[in-house]
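Notes for the one structure printed next.
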Amino acid sequence: MKINSNMLAKWLDIPKNIHEITNQKIVEVESFGPVNTSTDLVVGRVLTCEKHPNADTLSLTTVDLGDRVEQIVCGAQNVRKDQYVIVAQVGTVLPGDFEIKAAKIRGESSHGMICSLNELGFDERYVPEVYRDGIFYFEEPQDIGKPALPALGLSGWIMELGLTPNRSDLLSVLGFAYDLAAMTNQKIELQEPVISENESKNPLDITIETDGCGRYYGRSFKDIRIKESPWWLKSALLSVGIQPINNVVDISNYVLIEYGTPLHMFDAHKVKTDRIVVRDAKPGEEVVTLDDMNRRLEAGDVVITNGREPIAIGGVMGLANTMIDDHTTSVILEAAYFDPERIRKTTKRLDLKSDSSLRFERGIDDRRVFYGLERATELMIELADAKVLQGIAKAIRYENENPKIEIARTYFNDALGLELKDTDVLTYLKRYNYDVKTTKEKWIVQAPSYRNDIKIPADVLEEIARIYGLDAIPDRSASGILQGKLSFEQKRLRGLRHALSDLGLNEVITYSLIREQDVHVFQNIGTPVSVLKPMSEDKKTLRQSLIHGLVDTIRYNRSRKIDDVHLFEIGHCFAKGYEKNHLGIALSGKLHKHTWKNTALVADFHLLKGLVERVFSPLGIDFVYETTDHPSFHPYQQAKVFSQGIELGVIGRLHPRLEKELDLPETFVFTIELDTLLKGKKTINYRMVSRYPMVSRDLAIVIDQKIEAKRILDLIEQTGRPALRTVEIFDVYQGKGIDDDKKSLAFRLVFSDEKKTMESEDVDKLMKRITKRLAYEVSATVRS
């Protein structure tokens with residue numbers, strides 16, 4: 001949003017330190033500078049104009065500058081005697097750092113330059129045709145010798161604001177004036193427009209049939225004259241980057257900048273009826289917009305109709321069938337409030353962004369709509385010679401009301417560390433035009449209609465801090481010494497990241513938002529949580545598994561010829577009432593290649609399981625796996641993951657069908673919830689390395705195939721203590737010599753005594769004790 005000082009000065013006295021006040025107390029200033037950078041331009045009058053004696057295309061003029069008369073050689077073909085012109089004197093600097101110097105041109109002295117609009121920095125597109133190939137001259141007499149920039153409406157400064165989406169009130173000069181008035185303790189008074197109505201009555205009848213429109217006003221005009229706008233209006237629009245078109249269109253754009261109220265004008269003859277009906281679009285309804293494009297509408301769009309056919313897309317763009325042209329003599333002026341959410345969806349889908357739709361999307365002041373209508377009416381009378389038909393047609397479906405916010409009397413001082421008196425707080429709130437009521441313990445505050453961003457106590461707190469001055473709030477040292485250190489959980493997370501990276505995995509951070517229909521593809525941890533106003537449908541719902549992002553990252557890399565991808569992510573997953581840290585791992589392709597030996601370590605289920613156990617075993621965390629039948633994973637390569645009896649996640653290969661759909665090779669994934677694992681500290685006891693030799697024995701047993709190997713390992717460890725140092729499985733066999741419902745497991749056991757060398761008899765006793773325990777607990781038989 002660009003603020004023109006000439007427009008702002010209408011509302012209040014502008015402080016000299018406006019740039020500083022805006023930056024510190026209102027909003028960040030992106031740029032600040034003069035409307036036009038030219039220096040020392042004055043209005044002059046051409047006293048004489050004769051042909052240059054030595055050049056056919058040049059003119060030799062004398063120009064009255066008020067305090068002197070100068071001879072100036074001019075090359076423009078439209079220069080004439082008695083014209084009031086803009087003169088760049090010797091020493092004047094024009095846009096582009098072009099300095100005017102005294103010179104001799106074809107033997108004649110020239111002390112200055114009579115300027116064209118191009119030389120003053122105007123884009124040729126905006127220069128009226130009459131001045132396009134020559135100098136600019138005023139149509140009316142001017143004061144000779146006075147500065148020329150004010151006469152052109154090019155004096156003062158332009159300040160561009162870096163707006164945040166919540167400050168829609170600053171999308172107008174009046175809105176900025178209200179905030180500046182609060183900061184400088186001034187009062188804004190809206191002037192009553194001067195409107196003279198015709199005896200004929202406004203025939204419009206307005207009906208609103210949709211919640212997409214809150215209120216709608218309409219005025220009727222006749223006998224208007226379409227013509228060029230005056231220079232003050234053109235220069236005001238040009239200064240903020242809007243191209244002047246004609247007086248009627250320029251008036252609506254000017255009111256948009258001044259009041260922040262989008263307006264639209266229809267050619268009354270083309271509307272064909274005296275009815276205005278605001279309704280929802282019909283699915284598939286087709287219209288042609290002002291840019292001559294065919295648009296297909298949906299049920300959520302709002303359309304303005306004449307009771308029979310659409311004549312505008314509400315809040316977005318008018319239609320070609322009612323556009324203003326050079327032959328227009330009667331106009332219907334629309335001022336309305338449209339639902340921001342509906343407008344946002346329509347503009348995004350149709351890709352129709354404009355200054356008006358931006359304001360509707362962010363929410364305009366529905367009370368100010370009326371004032372914008374009347375300001376435009378006043379300008380139509382002044383600049384288009386319009387006759388205004390009597391009365392304003394209107395329909396109001398609903399009115400917006402800002403919430404009444406209850407705030408504890410001590411809230412502001414407690415939060416800001418200040419000692420503000422109640423009278424100070426009340427003064428600040430009144431300067432913002434808040435409606436304030438008080439009780440013994442509370443402030444009851446309601447923001448004015450143009451501040452739709454003030455909804456909770458923290459919003460009001462920010463307002464108090466701004467007006468008090470953020471730089472004036474005293475710094476206070478934190479009481480006591482706060483030692484910075486990592487918590488146990490943070491240390492564990494950092495250790496996990498280092499361990500996984502050491503194993504050759506790359507950490508990624510993926511989007512937390514996914515498509516709504518995909519949220520339960522891999523895991524279901526609860527009721528999904530979706531964003532109310534998503535930027536796009538594929539980033540709408542919070543994820544319930546990290547696998548989505550990991551799989552997308554593998555696809556992204558494969559599309560760029562990177563086939564070996566090994567990833568992990570630590571991030572939050574979400575459901576209603578649930579937000580916890582999860583770990584996700586995904587492997588695809590070769591984890592390690594030995595080029596010289598032409599060997600490779602290819603990702604598979606057991607490799608992934610081994611990596612996981614390698615990372616978590618040093619932390620004293622063991623997992624138990626239980627087969628499952630999730631439809632998104634390979635039917636024979638998937639398992640639920642448990643620790644201490646709690647289900648934490650899943651491990652497996654993606655289902656071949658899913659791999660084919662996503663154009664992926666064999667892809668293996670693992671995901672668990674981390675917060676449960678990281679809650680409590682696990683004591684890791686030190687055990688001295690024995691000075692005595694180890695003794696190893698192998699044990700092969702036959703058990704029921706349904707019995708998990710983990711259970712056997714636990715029984716062996718419990719029975720072999722304390723001499724048993726390690727036990728591991730080195731073979732699983734099913735086949736010849738083993739019953740169909742049985743399996744053979746082979747274990748390697750390593751024993752050691754911390755006080756002596758173990759004899760064979762000692763080891764035999766332990767092995768006998770272990771085999772008896774296994775026979776008793778799981779009916780195991782020793783395989784010879």
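Mind listing the long-range amide H neighbours of residue 591? Cut-off is under 5 Å, sequence gap 5 or more, other chains count too, H placed in the peptide plane at 1.01 Å from N.
601, 602, 603
Which of the peptides 192-198, 351-357 is most tightly packed, and how do the rest follow, going by the mean number of other Cβ atoms within 10 Å of each residue?
Sorting 192-198, 351-357 by mean packing, highest first, produces 351-357, 192-198.
For the chain, what does -39500 (n - 2.57) per DSSP helix run (n ≥ 4), summed and divided by total residues, give at 222 nm, in deg cm²/dmol to the nearest 500?
Helices in the chain give a 222 nm mean residue ellipticity of -7000 deg cm²/dmol.
What's the local net charge at residue 51, with K and R +1, D and E -1, over the other residues with C-beta under 12 Å away?
Every neighbour counted, the sum reads -2.
If packing is taken as the mean number of other Cβ atoms within 10 Å per residue, what is the order of 127-133, 394-400, highest first?
Result, highest mean first: 394-400, 127-133.
Normalised by the residues of the range 80-199, what does the relative contact order come to in percent, with Cα pairs under 8 Å and at least six apart?
Reported as a whole number, the value is 19 percent.
Which whole-number percent is the relative contact order of the range 419-533 (Cα, under 8 Å, 6+ apart)?
About 11 percent, as a whole number.
If we count every other residue with Cβ under 13 angstrom of residue 2's Cβ, Lys/Arg +1 and Asp/Glu -1, where does the sum land?
Summing Lys and Arg as +1 and Asp and Glu as -1 gives -4.
Take every Cα pair under 8 Å in the chain that's 6+ residues apart, average their separations, divide by the length, and report that relative contact order as a whole percent.
Contact order relative to length: 8 percent.
Which pairs in the list 442/485; 10/227; 282/533 are over 31 Å apart, alpha-carbon to alpha-carbon?
As for pairs spanning more than 31 Å Cα to Cα, those are 442/485.
To make sure I understand the rule: partners must be aspartates and glutamates, Cα under 17 Å from the Cα of residue 772, and not fewer than 8 residues away in the same chain. Which ones qualify?
Partners within reach: 698, 704, 714, 717, 761, 762, 764.
So for each of 138-147, 245-254 I average, over its residues, the number of other beta carbons within 10 Å; can you give me the resulting order with the highest mean first?
Going from most to least packed, we get 245-254, 138-147.
If the cut-off is a Cα-Cα distance under 21 Å, which lysines reach residue 16, setting aside same-chain residues fewer than 8 apart in sequence?
Hits, sequence-local ones excluded: 2, 25, 187.
Give me the orientation-averaged projected area of the Cα convex hull of the range 25-133, in nm², one decimal.
9.2
Among rounded, prolate and oblate, which fits the range 36-85 when a ≥ b ≥ c are the square roots of the eigenvalues of its C-alpha gyration tensor, a/c under 1.5 means rounded, and a/b larger than b/c means prolate?
prolate
Which log10 I(q)/I(0) values, to two decimals, does the range 401-497 give at q = 0.14, 0.23 Å⁻¹ under the Debye formula with one point per Cα?
-0.61, -1.20
Tell me the label-point distance for the pair residue 382, residue 397, using the 7 Å Cα-to-Cβ offset, in nm and rounded to one decimal.
Simple spin-label model gives 3.4 nm for this pair.
For the chain, take N as its residue count and report Rg(C-alpha) divided by 2.2 N^0.38 Å.
This ratio for the chain stands at 1.45.
Under 23 Å between alpha carbons, and skipping anything fewer than 8 positions from residue 590 in its own chain: which lysines qualify?
Filter leaves 561, 609, 660.
Roughly how big is the chain's charge dipole about its Cα centre, with Cβ charges of +1 (Lys, Arg) and -1 (Asp, Glu), in debye to the nearest 20?
For this selection, approximately 3620 debye.
Based solely on C-alpha atoms, express the radius of gyration and the Dmax of the range 105-188 in angstrom.
For the range 105-188, the Cα-based Rg and Dmax read 19.9, 64 Å.
May I ask for the net charge around residue 194, where only other residues with Cβ less than 11 Å from the Cβ of residue 194 are counted and Lys, Arg are +1 while Asp, Glu are -1?
Net charge in that neighbourhood comes out at -3.
Each value in this text was obtained by applying a stated rule to the coordinates, not by laboratory testing. In this text the structure is predicted, and so the values were computed from the model without any measurement. Note that each Cβ is placed from the backbone with ideal geometry, even for glycine, and that neighbours are counted across all protein chains shown.
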